1. May I have the extent of the alpha carbons of region 47-188 along their three principal axes, as whole Å values ordered from largest to smallest?
2. Please work out the Cα center distance from region 298-338 to region 236-291, rounded to the nearest Å.
3. Near Met50, within a Cβ-to-Cβ distance under 12 Å, what is the net charge of the other residues, with Lys and Arg +1 and Asp and Glu -1?
4. Which Cys residues of the chain have no other Cys Cβ less than 4.7 Å away and so no disulfide-compatible partner by this rule?
5. If you average over every viewing direction, what projected area does the convex hull of the Cα atoms of region 445-535 give, in nm²?
6. Rank the residues Val601, Val327, Val54, Val256 as a footprinting-exposure proxy: fewest other Cβ atoms within 10 Å of their Cβ go first.
7. So, counting K/R as plus one and D/E as minus one, what does the shell of residues with Cβ under 10 Å around Asp555 add up to?
8. Quick check: from the Cα gyration tensor, does region 142-281 come out rounded (a/c under 1.5), prolate or oblate?
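Coordinate-derived values only; no laboratory data. Values in this document were obtained by computation on a predicted structure and should not be read as measured data. Neighbour counts are summed over all protein chains in view; Cβ atoms, including those assigned to glycine, are modelled from backbone coordinates with ideal geometry.
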Amino acid sequence: MKKSIALPPAKNRIPIILAILVIANSSLIGQSLVTPAVTDLLYPAQSAKMGGFVGEKLEASYENRILAQDMDRLVEPFRHRNETSCWQTEFWGKWFTSAVLAYRYQPGARLKGVLDSAVTALLKTQTPDGYIGNYTEANRLDQWDIWGRKYCMLGLLAYYDLTGNTKSLDGARKIADHLMGELKAKNAILVKKGNHRGMAASSILEPFTLLYTRTNDKHYLDFAMEIVREWETPDGPQLISKSTVDVSHRFPKPKVWFGWDQGQKAYEMMSCYEGLLELYRITGKTEYKEAVERTWANINETEINIAGSGSSVECWFGGKHLQTMAVNHYQETCVTATWIKLSQQLLRLTGEAKYADAIEQTYYNALLGAMKPDGSDWAKYSPLSGNRLEGGEQCGMGLNCCVASGPRGLFTLPLTAVMRERNGIKVNFFVEGSYHLQTPGAQAAEIVQQTDYPVSGNITLKINLPKTENLVLSIRIPEWSKQSALTVNGETVTGITAGQYIDIRRNWKLGDVVNLSTDMRGRLVQMGETPENIAILRGPIVLARDARLGGVNVDEAVKPIVNKDGYINLEPAGLNTNGIWMKYTALFQLESHKEGANKPVPLVLCDYSSAGNTIDDRSRFRIWIPQLFDPVKQN
């Protein structure tokens, strides 16, 4: 439920003269030919330019990962078609869809040339019957073959949407037609193919649904509906009927972890649900949306940890309540990026603040924590304590799945920070920069954010419109911000509720200024009783101890000093050096090993994304701080 308030025009305006930029519409060029049954509530900005820390990370990934990728190496496996089990063909599509997102954020001739060449090179490998892949004829449809075809289709469709190039659309159609024909000729059942109860193969639902909307060819819609029908058979993953079951307990523990019987595979499951939401938009079948919403809520409640991600050995395992432990192969970056992507889908569709809250938590912590500081590489797994380690190479491709996936989550943010809705403009995320979009009155609007958030909790929004317009400016109040203050041109806005959007309807005009102050007090989170662990958060940022910051051993049991209101006093800890974004000092009580207590000592904490995340050396870090067991205080 939203809070809404209408403000009367202010008598005194703060004069701000900023040029209003009229920009080209960056929406789809390859237009949909199908009228959806359900339309999104939110639409991306036409363009954005982010500054500050996030802007630096986007630029680093753009230059050192997207443009640095050897595109020809990604295409090479398609030329040989001699594979029997590996997943080389996913890498082209993952990198390419990341590159398209990066180009939409920052169009440039160099990247456009790379995109053009990548599509041309891939299409040259397409066989006369339409196959694009690298599997031998005898092994087609097996293992990761269909999964790879999915990513080729997604890449080709993304290029069509960007450019309107029909050769790319035709290439995607040929892949789809060949797959449907091959399944029929071999009398094969899709959900019995590939891995993880057919979720890997049947996640091709997403590009088939997108292909239908861009061609209006009912064969593709029929195939999409057939996929969902097969899901609900005894052989399928039952993603709709089991949406009421915990994601970690939908099927028995398999004898072979990475095989067909594994029904808890996190990344592939969420990929299927992304496709189901696309099908919901076309059909309006409410059971599709409800299944995704229930599953999202279950993942959030039972799996997503304090850093905003989860999974062990790439599968759901009921990990939320186990996160204080040392977990094997924890928090796969493919899972992190796909959780963001699924949450972005639901945010677009519903406009609900809980999805934006979840994205922010994951983006600033798990996602940025997995990215190497210079943007060139991504961790495959990211523990909550220990060391940051690079992932290994997969399939002889010079990278792994997570290196390809990380930027897919990273570049979702720029055009969704400020979005268009039917009655106005919605501010979802707070990042320094300039955001351009069209108003309900068809004006070219610019929203300028001036902020160093989340270093501080202060955000200034400047509204630039050619002429006055009555519309709603909707601003997210983060769920953790229990004390927030909002003004428009110095006038206080009331009715603010944490975890909701505040809607401000008024006649907006050039020079209007909105100021938001969020609650940056240090918060304490406790998990467990025996043993007990605590973690400290500040705004959306999870704080950690890092050996580089000195003090007692990072694994030592230390107890933070909490003030009378239950918060922790955090003081900035000097210049941020050695690759650390944020540092804060707090007082902690140490074990005295004597009858009397020691005086509290100051210890320095840093943001989780910086903790242990170094280029030249390894540094042990820890989010969850162990607490001393005290039998005197036990019941």
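1. 55, 29, 22
2. Cα centroid of region 298-338 versus Cα centroid of region 236-291: 17 Å apart.
3. Values: positive: Lys49, Lys57; negative: Glu56, Glu59, Glu432.
Net of charged neighbours comes to -1.
4. So far as the 4.7 Å Cβ criterion goes, Cys152, Cys272, Cys315, Cys334, Cys401, Cys402, Cys606 stand without a partner in the chain.
5. Values: hull surface 27.5 nm².
Here the figure is 6.9 nm², rounded to one decimal.
6. Ranked by crowding around the Cβ, least crowded first: Val256, Val601, Val327, Val54.
7. Numbers: positive: Arg545, Arg620, Arg622; negative: Glu556.
So the surrounding residues net to +2.
8. Values: a/c = 1.94, a/b = 1.74, b/c = 1.12.
Prolate is the answer for region 142-281, as a/c is 1.5 or above and a/b outweighs b/c.
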